[in-house]
Amino acid sequence: MNSLEKEQILLVDDEKHLLISLRDYLVFEKFDVNVAQSGEEALEKLKNLTPDLIVLDISMPGMGGLGFLKRISSPEGKTKYPVLVLTARSMMADFFGNLDIDGFMAKPCDEANLVTKIRAIISKRKAIAEKQQRTIKKITIAEDDPEIARQIAGTFETAGYMVNIVQSGPEVLEKAAAEKPDVLVMKEILPRLNGSAVAALVDVMPSLSATPIILYDADRQYDDATVDKFKRLKCVKQFLPTSDANRLLKAVRELFV
């Protein structure tokens with residue numbers, strides 16, 4: 001979410017007067033609030049909405065709050081969105097079993113305390129997301145054959161990497177300068193500027209000169225002198241005479257051992 005955007009709350013409760021009063025208070029506290037009076041209506045809202053938090057009443061007609069929770073949870077009980085449950089029940093942990101709930105508040109709740117709880121949950125979720133984002137390695141793949149690019153990208157994404165695909169040498173420089181990938185995986189023969197020429201430029205670019213490069217090419221045979229020339233480039237850590245996705249993945253993983 002952009003820092004200038006309001007945090008989005010989906011408020012789900014069948015008591016209309018409570019929806020009106022809570023929505024008014026949360027809007028006053030600078031939240032962007034959507035409301036639903038049932039689990040079914042909330043599911044419809046989620047087709048066009050990605051809330052920062054769902055504030056959910058459990059005791060509702062129809063599928064109810066618990067049925068709604070199960071619809072937005074994985075088989076392991078992980079909810080797709082952060083959820084704060086409003087309920088009069090006690091022994092919450094026992095009642096919700098393996099469902100991963102971010103917080104509980106008893107009804108009726110003090111509005112100021114509710115806002116404090118909402119902000120605490122959102123802040124915690126943001127901190128977790130930012131930490132996860134920092135640990136995910138970003139890979140830029142430079143490959144002009146779309147099918148090979150998809151195969152390589154799929155292998156890296158399955159392994160947990162964030163992947164960006166480019167198709168030409170100039171595009172590598174443009175995207176890498178903007179996005180600062182952790183590794184460049186480049187085919188040698190690329191449109192408009194070859195991979196080794198890109199690597200030579202990366203070597204002298206202050207913002208990219210520490211970026212490791214895996215250079216590869218399965219389409220041509222290269223003699224030892226040419227391969228040695230590639231490896232003399234500071235950023236080029238390895239040259240592979242293949243476009244095999246698993247071998248490229250192995251080479252990248254070795255960079256972080």
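Every read-out reported here was derived from the displayed coordinates using simple, explicitly stated rules and does not represent laboratory data. What you are looking at is a predicted structure, and each value in this text was computed from that prediction instead of being measured. All Cβ positions, even for glycine, are placed from backbone atoms using ideal geometry, and neighbour counts span all protein chains on display.
Counting other Cβ atoms within 10 Å, keep those with at most 11, restrict to DSSP loop, and tell me which chymotrypsin sites (Phe, Trp or Tyr not before Pro) in segment 178-257 are left.
Those that pass, being in a loop and sparsely packed, are Phe256.
Once phi is turned into θ = phi - 60°, what whole-Hz ³J(HN,Hα) does the Karplus curve with 6.51, -1.76 and 1.60 give for every residue of segment 231-238, x standing for Gly and Pro?
So the Karplus estimates, Gly and Pro as x, are 6, 6, 5, 4, 7, 7, 8, 6 Hz.
What do you get for Rg/Rh over segment 117-257 if you use C-alpha atoms and the Kirkwood form of Rh?
Expressed as Rg/Rh, it is 1.05.
Have a look at the DSSP beta bridges in the chain and tell me what percent are antiparallel, nearest 5.
If I count the DSSP bridges inside the chain, around 5 percent turn out antiparallel.
Under a GNM of the chain (C-alpha, springs under 10 Å), which listed residue has the highest mean-square fluctuation: Asp110, Asp52, Asp223?
Of the options given, Asp223 has the highest mean-square fluctuation.
Please list, or write none, the lysines whose alpha carbon is within less than 16 Å of the alpha carbon of Lys180, excluding same-chain residues fewer than 8 places away.
Lys137, Lys138
Amide H to amide H under 5 Å from Val85: which residues, 5+ apart in sequence or cross-chain, H placed 1.01 Å off N in plane?
Distant-sequence amide H within range of Val85: Leu56, Gly103, Phe104, Met105.
What's the angle, to the nearest 10 degrees (0 to 90), between helix 169-179's Cα axis and the longest principal axis of the chain?
40 degrees
Please report, in cubic angstrom per residue, the volume enclosed by the convex hull of the alpha-carbon atoms of the chain.
Per-residue hull volume (Cα only) is 160 Å³.
Calculate for the chain the 222 nm mean residue ellipticity that helices alone would give, adding -39,500 (n - 2.57) per DSSP H run of length 4 or more and normalising by residue count, nearest 500 deg cm²/dmol.
-13000 deg cm²/dmol
Checking the cross-link filter: which lysines have an alpha carbon closer than 19 Å to that of Lys16, excluding same-chain neighbours under 8 positions apart?
Cross-link targets: Lys45, Lys107.
How tilted is helix 146-158 with respect to the longest principal axis of the chain? Cα atoms for both, answer in degrees (0 to 90, nearest 10).
For 146-158 against the chain, the angle is about 50 degrees.
Taking Lys229 as the anchor, which lysines have their alpha carbon closer than 16 Å to its alpha carbon, excluding any fewer than eight residues away along the same chain?
Cα-Cα hits under 16 Å: Lys187, Lys237.
Tell me, what ³J(HN,Hα) does each residue in segment 58-64 have, in order and in whole Hz, if you take phi through Karplus 6.51 cos²θ - 1.76 cosθ + 1.60 with θ = phi - 60° and put x for Gly and Pro?
Once rounded to whole Hz, the list reads 8, 8, 9, x, x, 5, x.
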